[in-house]
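Here the structure comes first, spelled out in structure tokens, and everything after it is commentary.
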Amino acid sequence: MEICEVRWRQFFVPMQNLQGGGIKLINFFRRKKQNRFISIDEHCLNLEIVKGLIIFLVGCVAGMLILATVKSCDKTDYRPKNCQECHANVQHKKFSEYFRKAGSKQPEEMANAVLKTEKPKLLAAIAVVESGGNPSVRNSGYKQRHHGAFQVNPKYWGKVPKDASGQAKQAENILRELTKDEPLKVALSQYGGDTSKRQKYANLILEELQNVPK
């Protein structure tokens, strides 16, 4: 008996072999039903057509399932959300390392705190310049008391929160108030109590800003 040779190409039948495949397949089953003799060559040919049709149909079904899955995904809720979460994790790691190198005793808390604000890089630079990123720092020099990672004077800006997130939010509100009528550099000088025309404090913050992770 002649044995059908199974070749790799039989699993990827050219499209021209599929032309009229449906008719040949129907004829194949008709002949079988009528108990007609089917030669080995004819059997191999029809087997090749059947394989081609099966692969073609499976590909169509798989394509339809993939298309349906893509369409069912909410583009504004699913994929971008995952991207945002991934980006947030990377940013948190970078900012934590930045505060750790600056000597912060609470680098992860500080990273969380500044990343919740609208200007995380600027606030991170201020925190490092003012306190090394340490929320528990208190400075009683210059006849004034400055508290927290951002060295806020409670006499002018109210009670300073104990937690890093609260301190970052307070510093953000102060900067927002100062930048209402003044450019950033002038506002930074006012924040640091720098009354000199050279704006050393503002320049120091802007210089440190270059070291903050992007």
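Values as computed for the structure displayed
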quantity	calculated
Footprinting exposure proxy for His147, His92 (fewest neighbouring C-beta atoms within 10 Å first)	His92, His147
Violating pairs (Cα-Cα greater than 29 angstrom) within the set Lys93/Lys197; Lys94/Lys155; Lys119/Lys162; Lys180/Lys214; Lys121/Lys155	Lys93/Lys197; Lys94/Lys155
Sequence-distant residues sharing a close amide H with Val152 (under 5 Å, placed H)	His147
Cα gyration tensor shape of segment 79-209, rounded if a/c is under 1.5, else prolate or oblate by comparing a/b with b/c	prolate
Label-point separation, Ile66 to Lys197 (7 Å along Cα→Cβ), nm	6.9 nm
Under 17 Å from the Lys155 label point (7 Å along Cα→beta-carbon), backbone N, segment 175-203	190-195
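Read-outs throughout are calculated quantities, based only on the coordinates presented, and are distinct from any laboratory measurement. If you're wondering where the values come from, they're calculated on a predicted model, not measured in any experiment. Backbone-built Cβ (ideal geometry, glycine too); neighbour counts: all protein chains shown.
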